[in-house]
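A short worksheet on the structure shown next.
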């Protein structure tokens, strides 16, 4: 009988000669393997893997995207995040930029969860909500300085709230933004939760 590891890691599938009972067992294990993968990834990564159909495809994607563990990999991923935060221009799609930022942030965050003590220290630094918020703010300094200046009036503003208000403000000011239905839903949810409007925040 196949185990979840056989299906996820090795991509094993039943042959044409197996019995009905074996096919049924495979289908059950395959569903369980999908459930395992869905439960262990973050919401952001869950959105990324939703386009794949099999556990093995998901495994290969996650391995290729997030499994990087060499002495130089930390430097490369930190470099990639730094380059990304300095690449924003007024003509860029701000919604897509935020998604790229979060993907790159998660890559670096996951990479620092194991390894040398210096990585652990950096991982702890990244655990602060203000750290993630401030890294995103560095991308806005050149072309959106008012957002950065006004943040001094909201020093305890959480990253997720800042992100939602930023996307909402970009629509109101006719920035070059293509906002998905997910972003609209999230912004609507922020208002439902009684959060500040963009005008009161910035």
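The values are calculated or read from the model by the stated rules, or taken from the named source; none is laboratory data. This is a predicted model, so every value here is computed, not measured. Every residue, glycine among them, receives a Cβ derived from its backbone with ideal geometry; neighbour counts consider all protein chains shown.
Between 33, 21, which is assigned to a helix (DSSP H, G or I), closer than 28 Å to residue 107 by Cβ, over 20 Å from the mean Cα position of the chain (by Cα) and modelled with pLDDT of 85 or more? It would help to see each step written out before you state the result.
On the way: 21 fails: closer than 28 Å to residue 107 by Cβ.
Only one candidate qualifies: 33.
Specify which of the listed residues (41, 18) is closer than 26 Å to residue 133 by Cα and out of contact with any strand residue (DSSP E or B) (no Cβ under 9 Å at 6 or more places or on another chain). Break it down into steps so the answer makes sense when it comes.
Details: 18 fails: closer than 26 Å to residue 133 by Cα.
The conditions single out 41.
For the stretch 96-133, give me the residue count where each residue is on the phi > 0 side of the Ramachandran plot and buried (at least 17 other Cβ atoms within 10 Å of the Cβ).
0
List pairs: first in the stretch 1-23 and more than 20 Å from residue 35 (Cβ to Cβ), second in a loop (DSSP other than H, G, I, E, B), Cβ under 8 Å, 6+ apart or cross-chain?
Cβ pairs passing all conditions: 22/1; 22/14.
For residue 139, all conditions in the list (1) at pLDDT 85 or above; (2) at positive phi hold save one; what is the number of the exception?
(2)
If you check residue 58 against the conditions, is it surrounded by 13 or more Cβ atoms within 10 Å (Cβ to Cβ) and modelled with pLDDT of 80 or more?
It is true that residue 58 is surrounded by 13 or more Cβ atoms within 10 Å (Cβ to Cβ) and modelled with pLDDT of 80 or more.
Considering only residues that are outside any loop (DSSP other than H, G, I, E, B) and within 26 Å of the chain's Cα centre (by Cα), look in the stretch 1-18 and name the one that is surrounded by the fewest Cβ atoms within 10 Å (Cβ to Cβ).
5
With the structure loaded, tell me whether residue 66 is modelled with pLDDT under 85 and in contact with a helix residue (DSSP H, G or I) (Cβ under 7 Å, 6 or more places away or on another chain) or whether it fails that test.
In short, yes.
Each row is one residue, and each column tells you yes or no for (1) surrounded by 12 or more Cβ atoms within 10 Å (Cβ to Cβ); (2) closer than 19 Å to residue 6 by Cα; (3) without any contact (Cβ under 8 Å) to a residue 24 or more places away in the chain.
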residue	(1), (2), (3)
32	yes, yes, no
43	no, no, yes
48	yes, no, no
53	no, yes, yes
65	yes, no, no
91	no, no, no
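I'd like to verify a number: residues in the stretch 142-168 that are buried (at least 20 other Cβ atoms within 10 Å of the Cβ) and modelled with pLDDT under 85, how many?
Residues meeting the conditions: 5.
Confirm whether residue 78 is more than 30 Å from residue 30 (Cα to Cα), out of contact with any strand residue (DSSP E or B) (no Cβ under 7 Å at 6 or more places or on another chain) and not in a loop (DSSP other than H, G, I, E, B). Let's see the steps before the verdict.
Numbers: more than 30 Å from residue 30 (Cα to Cα): yes; out of contact with any strand residue (DSSP E or B) (no Cβ under 7 Å at 6 or more places or on another chain): yes; not in a loop (DSSP other than H, G, I, E, B): yes.
So residue 78 fits the description; yes.
Starting from residues that are assigned to a loop (DSSP other than H, G, I, E, B) and in contact with a helix residue (DSSP H, G or I) (Cβ under 8 Å, 6 or more places away or on another chain), keep the ones in the stretch 88-115 and report whichever is nearest to residue 41 (Cα to Cα).
113
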